[in-house]
Structure formats: C-alpha cells, structure tokens
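Asker: Attaching a single structure in structure tokens format; questions to follow.
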Amino acid sequence: MSSKRKELKERRLKRIEKRKRRKRIYYLFAFIIILISVVVTAWYVTSRPKPTGTLIIHVVDEDTNKTISGAIIRIARADEPGKYGASNEQGVYRFESIPVGNYTVTVTEEGYHVHPETVIVEAKKTTDHTVKLHTHH
C-alpha cells in the first residue's frame, strides 16, 4: 500500500472516530437533559401542597334536637387511617386542614345507634355536617 493510501485511510478512520465521539457526547447530553427534566417534574409534583378543607361536625339527638357533648367522632377516607375527635359542649368538633375527598363519618355515644354517613370535603371550603343520633328503643 502506498503511503498516500495509508494516509487517506488514517484520516478516514480519524473522521469516523470523531463522529463516534460526537455521537456519544450528543447521547450523553440528551440523557442528562431528560434526567434533569424527570427530576424537576418529580420535585414539582411532590412539593406542591395538597388541597385541604375544613369539616365541622354537629352532633344532635334526633328526637329532641339537643346537642350531644362528648360523642366520639371518627372520619376516614378509604385510603388512610381515620382521624378522631370528641364533640364539645355545643356538640361540635372541627377537623381543620384535612385532605379533600369523601369521608365516612361515624359518631358513637352510649345509648345511641351508630350510623356511618358520607361527607365530601372540598378544597379551601368549610363543610358543615349534622349527625342526628337515634336512641336505642
């Protein structure tokens, strides 16, 4: 092989290697951009505050319409454990800043039937719900 042919072959091989290096750099750069995009998106989604609302439960006797103090109130969504409270002297308990969604409200008090009810809590709103308890007959 002539020296000119060798030289041409070497140049061609160098050009091919240079293209391969550029391609690898391009793929590495694209991978880094995609990775940064995924990380930023995940951070944004998880760092946003979850929408919440307030739920006020009023507990009254169904027959007399008198408030019932000391009743145990449980609210629960299907995907999490429940939260508890006890009605005050006015028969009221406030659940503040709870995630929005459907809640099952269960109120228990000695001498009364337990009857679960469904309540919807909406974002940035206060939901008032009255639970009327029936006495055992």
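Asker: Gap in Å between the Cα centre of region 101-137 and the Cα centre of region 39-60?
Answerer: So the two Cα centres are separated by 22 Å.
Asker: Still on this model: Between Arg11 and Ala78, what is the label-to-label distance in nm when each label sits 7 Å out along the Cα-to-Cβ direction?
Answerer: Spacing of the two 7 Å Cα→Cβ label points: 7.2 nm.
Asker: How far, in degrees from 0 to 90, does helix 3-47 lean away from the longest principal axis of the Cα atoms of the chain, to the nearest 10?
Answerer: Computed tilt is about 10 degrees.
Asker: Stick to Cα atoms and the Kirkwood definition of Rh, then tell me Rg/Rh for the chain.
Answerer: Answer for the chain: 1.65.
Asker: Let me ask you something else. Return the calculated 222 nm mean residue ellipticity for the chain, to the nearest 500 deg cm²/dmol, obtained by summing -39500 (n - 2.57) across DSSP H runs with n ≥ 4 and dividing by the residue count. Write down the numbers at each step before the final one.
Answerer: Values: 1 runs with 45 residues, N = 137.
Calculated at 222 nm, the ellipticity per residue is -12000 deg cm²/dmol.
FYI, it's all coordinate maths here, none of it is from the lab. Fair warning: this is a prediction, and the values are worked out from it, not measured in the lab. Every residue, glycine as well, gets a Cβ built from its backbone with ideal geometry; the counts of neighbours run over all protein chains shown.
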